[in-house]
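The structure appears right after this line, and notes come after that.
The values are calculated or read from the model by the stated rules, or taken from the named source; none is laboratory data. All values reported here derive from a predicted model rather than from experimental measurement. Backbone-built Cβ (ideal geometry, glycine too); neighbour counts: all protein chains shown. Ligands, DNA and RNA are excluded from the accessible area calculation, which covers all protein heavy atoms including side chains. Shrake-Rupley method; radii C 1.70, N 1.55, O 1.52, S 1.80 Å.
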Amino acid sequence: MSTALLDQVQAYIRAAFTKAEVVTVQPYGGEFNTAEMEKVSYNCPAIFVTVLGWQPLHDGHRLSGKYSRNVRVAAFVVAKHAKRDQRMRLGMALSEKLCLVMRQWMPDNSGGLPITVGPLEDDAACENLYSQPVDRLGQSVWLVDWNQAVKPVLTSVSGAPTLIDWLSVAIEDTARITEPAATASGTTPITVTEKITFPVNT
């Protein structure tokens, strides 16, 4: 369920920002910290989207029911500029727009997807993740996070949710990983090229 939600969030955010506003919009497998920033090559401004976890959805919610979840989604907004105050302002402006964009999202659940996604019921929160290591990289990072209700589409026969067949998922990572320089032994940098493609339910 959460992978299908992540795909929808990524597509929605990509459509909400022009390439001039945000160059990179892609999922990321965890919290985006300084150690990761020094290894991954990307173009700024960038938004990295991930799922940080979920809890069962409480009864009384319109999407509550068997297998329903309240998913915590996070977006790491990264901006770059030579001047500290300018990169702070760029990151702040993008984060503020992202909060408004997500609050206005009315998910389209009519396409035969394995989940039903509810709109945000509360405004997204935002936090400046400033640190000296991040500042030395000439970048600013802001965390925008929110909770989103998700309910699986149950099959008519078993009453169980429709799940992704992981055996049919193609993985291709397009991130460029920067490794340390080759040592005297002659080892060379490693380039990882993987990308995840989920099957379309029929």
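Considering region 60-81 alone, what residues qualify as being modelled with pLDDT of 90 or more and among the aliphatic types (A, V, I, L, M)?
VAL71, VAL73, ALA74, ALA75, VAL77, VAL78, ALA79
Note down all Cβ pairs under 6 Å where the first residue falls in region 116-136 and is of a type in the set (Asp, Glu), the second is modelled with pLDDT of 90 or more and surrounded by 14 or more Cβ atoms within 10 Å (Cβ to Cβ), and they're at least six residues apart or on different chains.
ASP123/ARG103; GLU127/LEU143
What is the one condition in (1) under 24 Å from TYR12 (Cα atoms); (2) not in a strand (DSSP E or B) that GLN86 does not satisfy?
(1)
Can you pull out every residue in region 1-42 that is touching a residue at least 12 places away in the same chain (Cβ under 8 Å), among the small types (Gly, Ala, Ser), part of a helix (DSSP H, G or I) and open to solvent by 20 Å² or more (accessible area, probe 1.4 Å)?
Hit for region 1-42 is ALA16, nothing else.
Can you name the condition, by its number, that VAL141 falls short on among (1) open to solvent by less than 60 Å² (accessible area, probe 1.4 Å); (2) hydrophobic (A, V, I, L, M, F, W, C); (3) modelled with pLDDT of 90 or more; (4) in a loop (DSSP other than H, G, I, E, B)?
With respect to (1) open to solvent by less than 60 Å² (accessible area, probe 1.4 Å); (2) hydrophobic (A, V, I, L, M, F, W, C); (3) modelled with pLDDT of 90 or more; (4) in a loop (DSSP other than H, G, I, E, B), VAL141 is out only on (4).
Against the condition of a type in the set (A, V, I, L, M), touching a Phe, Trp or Tyr at 6+ places or on another chain (Cβ under 6 Å), open to solvent by less than 70 Å² (accessible area, probe 1.4 Å) and touching a residue at least 40 places away in the same chain (Cβ under 8 Å), how does VAL77 come out, does it pass? Write out each step before concluding.
Values: of a type in the set (A, V, I, L, M): yes; touching a Phe, Trp or Tyr at 6+ places or on another chain (Cβ under 6 Å): yes; open to solvent by less than 70 Å² (accessible area, probe 1.4 Å): yes; touching a residue at least 40 places away in the same chain (Cβ under 8 Å): yes.
Answer is yes for this residue.
Of the conditions (1) at pLDDT 85 or above; (2) at negative phi; (3) open to solvent by less than 30 Å² (accessible area, probe 1.4 Å), LEU57 clears all except one; give me its number.
(1)
Of all the residues that make up region 6-41, how many are out of contact with any Pro (no Cβ under 9 Å at 6 or more places or on another chain) and among the hydrophobic types (A, V, I, L, M, F, W, C)?
Total meeting the criteria: 8.
Collect the residues in region 43-52 that are open to solvent by 20 Å² or more (accessible area, probe 1.4 Å) and free of Cβ contacts under 8 Å to residues at least 60 places away in the same chain, keeping them in residue-number order.
Those that are open to solvent by 20 Å² or more (accessible area, probe 1.4 Å) and free of Cβ contacts under 8 Å to residues at least 60 places away in the same chain: ASN43, PRO45, VAL51.
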